[in-house]
Amino acid sequence: MVATLNFAKLSGKLPNDWTFLLGKHIAVHFLDLPVELHLGWSGHRFVVVSANTPADVIFTASYQDFLSLLRRQEDPDTLFFQRRLQIEGDTELGLTLKNILDSIELPSWLTTHH
């Protein structure tokens, strides 16, 4: 995940200014997979953060719901109010991340339905 984000940033697919994430820890928990993602911003690139460090914001949902969000088949607000997406911690940080991700143009292969 971190390598993909760094590649996307270097390729110009992500905004340049991520200073709002400096010193922040974002956690992504999957309800139906034994996977947790913990990442942050070093000032120059996205980095893995220790799971032992308290997260500033935690996003929790099923794999399918995260995939639906990524493909923009579902709106995060809808999933939140249906209790399928949980956001804990710094909700302002979570909202900032959501707005940035919503503004990114997705590659066609990601939005293609199979």
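Quick notes
- Long-range neighbours under 7 Å by Cβ, at least six apart or interchain, first residue under 24 Å from H29 (Cβ atoms) and in contact (Cβ under 8 Å) with a residue 24 or more places away in the chain within segment 1-18, second part of a loop (DSSP other than H, G, I, E, B) and of a type in the set (V, I, T): L14/I104
- Among the residues of segment 69-88, those that are outside any loop (DSSP other than H, G, I, E, B), of a type outside the set (F, W, Y) and more than 13 Å from the chain's Cα centre (by Cα) comprise D77, T78, L79, E88.
- Taken over segment 69-93, residues that are modelled with pLDDT of 90 or more, surrounded by 13 or more Cβ atoms within 10 Å (Cβ to Cβ) and not aliphatic (A, V, I, L, M) amount to 5.
- There is no residue in segment 26-43 that is charged (D, E, K, R) and at positive phi.
- Test: residue in segment 95-102 that is of a type outside the set (D, E), surrounded by fewer than 13 Cβ atoms within 10 Å (Cβ to Cβ) and in contact with a helix residue (DSSP H, G or I) (Cβ under 8 Å, 6 or more places away or on another chain): no
- If you go through segment 1-35 and keep only what is at pLDDT below 90, assigned to a loop (DSSP other than H, G, I, E, B) and either surrounded by 16 or more Cβ atoms within 10 Å (Cβ to Cβ) or among the polar types (S, T, N, Q) (or both), you end up with S11, L14, N16.
- For segment 1-34, a residue qualifies if it is within 25 Å of Q64 (Cβ to Cβ), touching a strand residue (DSSP E or B) at 6+ places or on another chain (Cβ under 8 Å) and β-branched (V, I, T), and the qualifying residues are V2, I26, V28.
- Verdict on H38 being surrounded by 18 or more Cβ atoms within 10 Å (Cβ to Cβ), assigned to a strand (DSSP E or B) and within 12 Å of the chain's Cα centre (by Cα): yes
The values are calculated or read from the model by the stated rules, or taken from the named source; none is laboratory data. Keep in mind the model is a prediction, meaning the values are calculated, not measured. Neighbour counts are summed over all protein chains in view; Cβ atoms, including those assigned to glycine, are modelled from backbone coordinates with ideal geometry.
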